[in-house]
Amino acid sequence: MRGVITGWGKCLPPAVLSNTDIAGFLDTDDEWIRTRTGISERRISHTGVSQLAAVAGSRALACAGVDASDIDAVILATTSPEVLIPSTASRAQKILGIASASAFDLNAGCTGFVYGLATANGLIASGVHKKILLIGAERLSFYLDWRDRNTAVLFGDGAGAVVLEVSDDDSGVLSASMHCDADAGGILMIPDFGTVMDMSKQPEPLTLQFDGREIFKRAVKGMAECLREAEERAGVSLADCDQLIPHQANQRIIESLGKLLHLSPDQVMSNVARYGNTSSATVPIALCEALEQGRIKPGALVFMTAFGAGLTRAAAALRWGSRVHPLGESRMHLPDCNMSALELIGPMLRYQESFTP
Ligand code: UT7
C-alpha cells in the first residue's frame, strides 16, 4: 500500500517585496541579488502561518474532491510556528473545520515538506491513516534580520499543500531518502530563541547564523546523494525523470544540481525568481506551478528534493496518478491586505534597529 497525491494547492500572500524595495533600506541592488540568487521578488505575509496553511490546504482538498471531514491527519511542515503549543497544524485544522484528525507540526528546516511526504506515506502504508493533508507553510519574514543583506534578500512567505490518499494502482510515493548531518547544524541556525534563552538577560533580536557558501556546496552534493538513493530504492532511473521539483533557495543551486545529475532545464522546475526561499513551502508551491504549467503529465515520474537546517536533506520518487487537473476550487481566501510589503516589514525593521548600539 502506498500514498498518492490527489490534490494540490498553494497560497501566496499578495504583498510583493521587490529587490529594488530592499535596496531602498539595505546596501544591496537588484543586479547582485538576481545574478547571485536568481531572485527578483518575494511575498510578505499580512497574516499568520495557520491562515496561509489553511487556504493552501483548502485548495488542495477542493482539488482532490475530498471533504474536510474525511481527513485523518493534518501534518504541517514549518519552521515558523505561531505559538509553541498548540501546534500550528491544529490551528490550521480548526480554520479548515477538520474535526478530531491527528495534527502535528514537523520541523526539518526547509526539508520539512519532503520529510512530511515520507512520513505521510508511511502512515498510509502502515494502515494508520487513509487520507492525509500535508502542508508546508512559512512566515520567515518574521525571523529575518532586515538589517542583514546576507540573509534578508533570500527568503519569503507562502504555503503549499497536498492531499495524500491510498493508491489503488501503481501510482504514488515509490521511495524516499532522508538524512540529517547534525555535525554541520551550526552553519544554518537561529540560536537565540527557545529554552536556551537566558531569562536573566535582556532579549536580543533574532539572528540567523548562516554560512551561505558552505550551505551551497552541501546542498548540491546532499540533494544529489538523496536523489540517487531514492532512485535506487524505487528501482527507477533519474534519467527517465519527467520532472524534478527541487527546493527553491537559489537558481545557481538548482542549476548546479541539474547539471550534476545530467538533467535538462526542462526536467527541473524553478520558480525561485518570484517567491525566493519559502523554506518548507517551496516544494509544494513549485509542484502546484509545475502542474499549472503542464510539466507533469498523467503517469509521470516525478522526483522531489530539499535541504535545510539540521542540516537535513531528503528526496522522494513518485509515480504521478492519472489526474493532473483539479476536481474543484476552494472559496477560502486570505483576509484582505491593505498594506504594502514595505509597510508590513516596517515594524520588524524598527524593532531590530532599536537594538543597534
Ligand atoms: O534553504 C537553505 C537556506 N540557505 C541557502 O539556501 C543559502 C545557500 N547559499 C547561497 O545561496 C549563496 O551562498 C548566497 C546567495 C548566500 C551568497 O552567494 P555567494 O556567491 O556564495 O556570495 P559570497 O557569500 O561569496 O559573497 C560575495 C560578496 C561578499 O562580499 P565580499 O566579502 O566579497 O566583499 C558579500 O558581502 O557579496 C556580498 N554580499 C552582497 N552584496 C550585495 C552578500 N549579500 C549581498 C547582497 N548584496 N545582498
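The values are calculated or read from the model by the stated rules, or taken from the named source; none is laboratory data. Since the structure is predicted, the reported quantities are computational estimates derived from the model, not experimental observations. FYI the Cβ positions are ideal-geometry reconstructions off the backbone, even for glycines, and counts take in every protein chain you see.
What number of residues within the stretch 290-309 are within 15 Å of the chain's Cα centre (by Cα) and small (Gly, Ala, Ser)?
Count: 4.
Which condition number in (1) at pLDDT 95 or above; (2) surrounded by fewer than 16 Cβ atoms within 10 Å (Cβ to Cβ); (3) among the basic types (Lys, Arg) is the one that Arg218 fails?
Tallying (1) at pLDDT 95 or above; (2) surrounded by fewer than 16 Cβ atoms within 10 Å (Cβ to Cβ); (3) among the basic types (Lys, Arg), Arg218 fails exactly one: (2).
As an exercise: evaluate Arg149 against (1) within 21 Å of the chain's Cα centre (by Cα); (2) within 15 Å of the ligand (Cβ to nearest atom); (3) not β-branched (Val, Ile, Thr) and give the number of the one condition it does not meet.
(1)
For the stretch 138-161, state whether one or more residues are hydrophobic (A, V, I, L, M, F, W, C) and in contact with a Pro (Cβ under 9 Å, 6 or more places away or on another chain).
yes
Do any strands (runs of 3 or more DSSP E) lying entirely in the stretch 234-348 carry at least 1 residues that are hydroxyl-bearing (Ser, Thr, Tyr) and in contact with a Gly (Cβ under 7 Å, 6 or more places away or on another chain), and which ones are they?
Working: elements: 243-246, 301-308, 312-319.
The strands (runs of 3 or more DSSP E) meeting that bar are 312-319.
Listed residues Val66, Val74, Val114; which is in a loop (DSSP other than H, G, I, E, B) and either surrounded by 22 or more Cβ atoms within 10 Å (Cβ to Cβ) or among the aliphatic types (A, V, I, L, M) (or both)?
Val66
Filter the stretch 1-49 for residues that are within 16 Å of the ligand (Cβ to nearest atom), part of a strand (DSSP E or B) and buried (at least 23 other Cβ atoms within 10 Å of the Cβ) and give the result.
Answer for the stretch 1-49, where residues must be within 16 Å of the ligand (Cβ to nearest atom), part of a strand (DSSP E or B) and buried (at least 23 other Cβ atoms within 10 Å of the Cβ): just Arg42.
What residue, among those in the stretch 130-143 that are crowded, with 23+ Cβ neighbours inside 10 Å and outside any strand (DSSP E or B), is nearest to the ligand (Cβ to nearest atom)?
Our first condition is that a residue be crowded, with 23+ Cβ neighbours inside 10 Å; within the stretch 130-143, this holds for 132-141.
From what is left, the residues that are outside any strand (DSSP E or B) are 140-141.
On the way: Leu140: 10, Ser141: 15 Å.
Per the criteria, the residue is Leu140.
Could you say whether any residue in the stretch 200-215 is within 21 Å of the chain's Cα centre (by Cα), buried (at least 23 other Cβ atoms within 10 Å of the Cβ) and within 12 Å of the ligand (Cβ to nearest atom)?
No: zero hits.
So which residues in the stretch 238-266 are touching a residue at least 40 places away in the same chain (Cβ under 8 Å), surrounded by 23 or more Cβ atoms within 10 Å (Cβ to Cβ) and within 16 Å of the ligand (Cβ to nearest atom), if there are any at all?
Correct list: Ile245, Pro246, His247, Ala249, Ile254, Leu257.
Please name all residue pairs, on different chains or six or more residues apart, with Cβ atoms under 8 Å, provided the first residue is in the stretch 267-291 and is more than 19 Å from Leu117 (Cα to Cα) and the second residue is among the hydroxyl-bearing types (Ser, Thr, Tyr) and assigned to a helix (DSSP H, G or I).
Correct list of pairs: Val272/Thr37; Val272/Thr282; Tyr275/Thr282; Gly276/Thr37.
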